[in-house]
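Note sheet for the following structure.
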Amino acid sequence: MKEKNVTILAIESSCDETAAAVVKNGREILSNIISSQIELHKLYGGVVPEIASRKHIEKINQVIDEALDVANVSLEDIDAIGVTYGPGLVGALLVGVSQAKAISFARSIPLVGVHHIEGHISANYIENAKLEPPFMCLVVSGGHTHLVYVRDYGKYEIVGRTRDDAAGEAFDKVARAVGLGYPGGPKIEKLAKEGNENAISFPIANIDGSPYDFSFSGVKSSVLNYINGCKMKNVEIVKANIAASFQKAVIDALIEKSMSALNDYKVEKFTIAGGVASNTTLRLAMQEICEERGIQFFHPSPIYCTDNAAMIGVAAYYEYMEGTRHGLDLNAVPNLKIGERR
């Protein structure tokens, strides 16, 4: 007897994208609507939490209505509501959580809270039908850099993490230092294509006793010191070389730690996720090293790397199938840890 299809309405509002999606059986995306605030926050050089929260309030109903319309379903067809409840900006999270709880109560639909980073990891399931746990995942974004061992659906072990700046945060700060503006990641990547990645040697940090942990504050400081040194010595600053050399240092660090963890954990499947995972240079470098070592490499399309609700719907599906249900007391948890349930 064929099991009933499970259709999830998912909501994501952890930072500056207001998103809603309809996901069927955890792998089929019926709709994925994203309202981005990037152009608005460019004016301030980064995300302003209060502005982000207000914009979520303005857009949340619109994106949900559009997601249902594009998927050609109504709330009567929805089996559960999945929503990001952490980590993220508390005001932004509260908008999505409040909306999800309201729909859950009004329609008597089960509510499933989802960890934002677990959503990013789950984005790999969308286009990779053969991907099943266990595997290692490198999560690289503006707020997070984690190496996560995915033992099973919903079962995560943090292998390594950044001790200071996340990779995406370092990209943003270096972009600001060389006058590129916000968001830094895409701008650094574009400029790096014009430069020599071996022109400047920026350091890769290693942490004693923590071989899989990352640190990007040092390379960021090295870039700032290099720029200041050039100004003091009246030496020409070649921005493209700085961008290319900085990007190489970050990618080399991500590859080194990831490959070390894969080797030690005896894992033969590797995935990447998060906004920085849309960086073409990083993806190609990871593809090359994985092919050399006989490791299966998976990654989401760029649209599923940045914040979106489809990935939240996928994660919610597997939580739902495991019996996870949240009550109307579900709250936003801005510092929620991977694997933690509240």
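Things to note:
- Residue within the stretch 186-208 that is within 17 Å of the chain's Cα centre (by Cα) and of a type outside the set (D, E, K, R) present: yes
- The residues of the stretch 301-341 that are over 25 Å from residue 60 (Cα atoms) and in contact with an Asp or Glu (Cβ under 8 Å, 6 or more places away or on another chain), listed by number, are 338, 339.
- No other residue among 63, 97, 112 is in contact with a helix residue (DSSP H, G or I) (Cβ under 9 Å, 6 or more places away or on another chain) and hydrophobic (A, V, I, L, M, F, W, C) apart from 112.
- The set of residues in the stretch 73-91 that are more than 21 Å from the chain's Cα centre (by Cα), outside any loop (DSSP other than H, G, I, E, B) and either buried (at least 22 other Cβ atoms within 10 Å of the Cβ) or among the aliphatic types (A, V, I, L, M) (or both) comprises 75, 80.
- Selection within the stretch 23-43: residues that are over 21 Å from residue 311 (Cβ atoms) and without any contact (Cβ under 8 Å) to a residue 12 or more places away in the chain. The member of this set that is surrounded by the most Cβ atoms within 10 Å (Cβ to Cβ) is 43.
- Lone qualifier among 176, 161 - being surrounded by fewer than 20 Cβ atoms within 10 Å (Cβ to Cβ), within 22 Å of residue 311 (Cβ to Cβ) and either in contact with a helix residue (DSSP H, G or I) (Cβ under 6 Å, 6 or more places away or on another chain) or of a type in the set (D, E, K, R) (or both): 161
- Residue tally, condition part of a loop (DSSP other than H, G, I, E, B), within 26 Å of residue 173 (Cα to Cα) and among the polar types (S, T, N, Q), over the stretch 1-48: 3
- Among the conditions (1) out of contact with any strand residue (DSSP E or B) (no Cβ under 7 Å at 6 or more places or on another chain); (2) under 30 Å from residue 203 (Cβ atoms), residue 323 misses just one, which is (2).
- Any hit, the stretch 58-74, residues being assigned by TED's automatic domain parsing to the domain that holds residue 107 and touching a His at 6+ places or on another chain (Cβ under 9 Å): no
- The residues in the stretch 238-286 that are over 22 Å from the mean Cα position of the chain (by Cα) and basic (Lys, Arg) can be counted, and the count is 2.
Yes or no, residue by residue, for (1) outside the structural domain of residue 63 (by TED's automatic domain parsing); (2) out of contact with any Gly (no Cβ under 8 Å at 6 or more places or on another chain); (3) not in a helix (DSSP H, G or I):
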site: 249; (1), (2), (3): yes, yes, no
site: 257; (1), (2), (3): yes, no, no
site: 263; (1), (2), (3): yes, yes, no
site: 277; (1), (2), (3): yes, yes, no
site: 282; (1), (2), (3): yes, yes, no
site: 291; (1), (2), (3): yes, yes, no
site: 328; (1), (2), (3): yes, yes, yes
site: 331; (1), (2), (3): yes, yes, yes
site: 338; (1), (2), (3): yes, yes, yes
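- Some residue of the stretch 310-332 being charged (D, E, K, R) and crowded, with 18+ Cβ neighbours inside 10 Å: yes
The values are calculated or read from the model by the stated rules, or taken from the named source; none is laboratory data. Bear in mind that the values here come from a model prediction, so they are computed numbers and not experimental data. Cβ atoms come from the backbone with ideal geometry, glycine included; neighbour counts cover every protein chain shown.
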